[in-house]
Amino acid sequence: MSDKSVVRTERAPAPFQGAPYSQGIRLGELVFVSGQLALRPGGTELVGASIGEQTEQVLANLGAILEEAGSGLDRLVKTTVFLADLGDFAGMNEVYARHVGDAPPARSTVEVSGLPSGALVEIEAIAALR
């Protein structure tokens, strides 16, 4: 795996509490982005109390990491959305749809029993490089 490289940008939050993972990994023609929460770069507090506000920040973080890797939200091929409450699906989906364009990626959405810091949403992604 000699073409595996770490993607790191200051325009997205650092790994949560110094945990041993990368914001993203480039491998071949793909970039894999770790799950993102609604944290501002350098911050430790969640942005927004609503699912819409949190989803906007999550997608901003994903976009920053993808851009650093040489990709973008328009190049997403697969996402996994984790929701603390599946009742927030419509609110998340409304924001998500505005960011992924006319050719949305494959996606799984699951409800989980909890997310770090009490977050409402976390999204991880795989995207093609440009």
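The values are calculated or read from the model by the stated rules, or taken from the named source; none is laboratory data. Just so we're clear, the structure is a prediction, and the values are computed from it rather than from any experiment. Virtual Cβ from ideal backbone geometry, glycine too; neighbours counted across all protein chains shown.
Here is a yes/no grid of residues against (1) among the small types (Gly, Ala, Ser); (2) under 19 Å from Gly91 (Cα atoms):
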site: Gln17; (1), (2): no, no
site: Tyr21; (1), (2): no, no
site: Gly28; (1), (2): yes, no
site: Leu37; (1), (2): no, yes
site: Pro41; (1), (2): no, no
site: Leu46; (1), (2): no, yes
site: Gly52; (1), (2): yes, yes
site: Leu62; (1), (2): no, yes
Checklist entry - In segment 74-116, what residues are surrounded by 14 or more Cβ atoms within 10 Å (Cβ to Cβ), assigned to a helix (DSSP H, G or I) and touching a residue at least 40 places away in the same chain (Cβ under 8 Å)? => result Arg75, Gly91, Met92, Val95, Tyr96, His99
Next on the checklist: So, Glu53, is that one closer than 22 Å to Val6 by Cβ and modelled with pLDDT of 95 or more or not?
Outcome noted: no
Checklist entry - Out of (1) under 20 Å from Ala12 (Cα atoms); (2) in contact with a Gly (Cβ under 8 Å, 6 or more places away or on another chain), what's the single condition that is false for Ala84? => result (1)
Checklist entry - Within segment 117-130, how many residues are outside any loop (DSSP other than H, G, I, E, B) and more than 24 Å from Glu67 (Cβ to Cβ)? => result 2
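When you check Leu66 against the structure, is it buried (at least 16 other Cβ atoms within 10 Å of the Cβ) and touching a strand residue (DSSP E or B) at 6+ places or on another chain (Cβ under 6 Å), yes or no? Write out each step before concluding.
On the way: buried (at least 16 other Cβ atoms within 10 Å of the Cβ): yes; touching a strand residue (DSSP E or B) at 6+ places or on another chain (Cβ under 6 Å): yes.
Here the answer is yes, as Leu66 does meet what is asked.
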Checklist entry - When you scan segment 21-46, how many residues do you find that are out of contact with any strand residue (DSSP E or B) (no Cβ under 7 Å at 6 or more places or on another chain) and more than 23 Å from Gly70 (Cα to Cα)? => result 3
